[in-house]
Amino acid sequence: MTKETAIFAGGCFWCMVQPFDTQPGIDSVISGYTGGHTVNPTYAEVATHTTGHTEAVEITFDPAIISYAQLVEIYWHQTDPTDAGGQFQDRGDSYRPVIYVNSPEQRATAEASKQRLAASGQFDAPIVTQIADAQPFYPAEEEHQDFYRRNPFRYQIEEMGGRHDFIKQHWQNQG
């Protein structure tokens with residue numbers, strides 16, 4: 001049984017775990033940092049917006065149960081793909097939306113999905129989510145793992161910072 005990984009940045013990593021974690025075929029969803037120039041950064045360092053990293057999730061999955069294309073679709077439904085400056089109340093470079101690809105096949109899948117979304121007319125603004133080659137991924141500190149389970153009240157507050165309403169407005173009736 002071959003496992004694959006997918007890496008997505010879509011704002012606060014606390015909010016990016018649960019939508020994937022609850023899907024069949026997902027082995028793990030790890031919160032962490034990627035795309036920057038500092039080796040093994042800390043949350044405090046990334047929060048300064050000087051390391052170049054994004055908060056991201058690394059998903060290990062079984063492609064026989066859930067495809068990379070399905071994961072990309074789940075990703076779109078968690079983000080505002082028209083906002084390059086962060087996501088919802090989380091602003092700045094470390095919250096930018098990026099699909100980090102691990103292979104030419106993942107790149108082709110992500111690019112095709114992005115083109116379909118842009119052509120759909122669902123958004124009035126351009127789709128600005130970046131698609132970039134995967135970089136070293138550094139797991140975040142333990143207190144950031146499985147945040148939605150371990151801190152449900154704080155997680156709910158984070159979700160109410162615009163993400164929940166945006167998803168409801170733009171994605172609720174979408175496949």
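Here are the numbers for this structure:
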read-out	value
Mean shadow area of region 5-52, taken as a quarter of the surface of its Cα convex hull (nm²)	3.7
Region 26-175: relative contact order as a whole-number percent, Cα under 8 Å and 6+ apart	29
Protein accessible area in the chain, 1.4 Å probe - carbon and sulfur %	51
Cα-based shape type of region 38-123, given that a ≥ b ≥ c are square roots of the gyration tensor eigenvalues and the cut on a/c is 1.5	oblate
Unit charges at the beta carbon, dipole of region 63-170: most positive-side option, His164, Gln87, Tyr148	His164
Förster radius 30 Å - calculated FRET efficiency between Asp165 and Ser103, Cβ distance, rounded to 0.05	0.30
Cβ-placed point charges (K, R +1; D, E -1), dipole of the chain about Cα centre in debye, nearest 20	300
Tail fraction, Cα-Cα pairs, region 117-175, threshold 13 Å, whole percent	76
Most to least packed among 49-59, 115-125, 69-79 [average Cβ atoms within 10 Å]	49-59, 69-79, 115-125
Within region 134-155: backbone nitrogen closer than 20 Å to the Ala44 label point (7 Å, Cα to C-beta)	138-145
Sites Glu142 and His37 - FRET efficiency at Förster radius 25 Å, r taken between beta-carbons, to 0.05	0.55
Region 1-106, relative contact order in percent, only Cα pairs under 8 angstrom and at least six apart counted	39
Cα-centre dipole for region 8-110 with unit charges at Cβ (Lys and Arg positive, Asp and Glu negative), debye to 20	180
Beta bridges by DSSP in the chain, antiparallel share as percent, to the nearest 5	85
Dipole magnitude of region 113-175, debye to nearest 20 (Cβ charges: Lys/Arg +1, Asp/Glu -1, about Cα centre)	300
Thr38, Thr2, ranked by accessible area, largest first (probe 1.4 Å)	Thr2, Thr38
GluC sites (Glu not before Pro) restricted to DSSP loop in region 122-175 with at most 15 other C-beta within 10 Å	Glu141
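The values are calculated or read from the model by the stated rules, or taken from the named source; none is laboratory data. No experiment lies behind these values; they were computed from the predicted model shown. Glycine also receives a Cβ, built like all others from the backbone with ideal geometry; neighbour counts cover every protein chain displayed. Heads up: the accessible areas ignore ligands, DNA and RNA and are worked out on the full protein's heavy atoms, side chains in. Shrake-Rupley method; radii C 1.70, N 1.55, O 1.52, S 1.80 Å.
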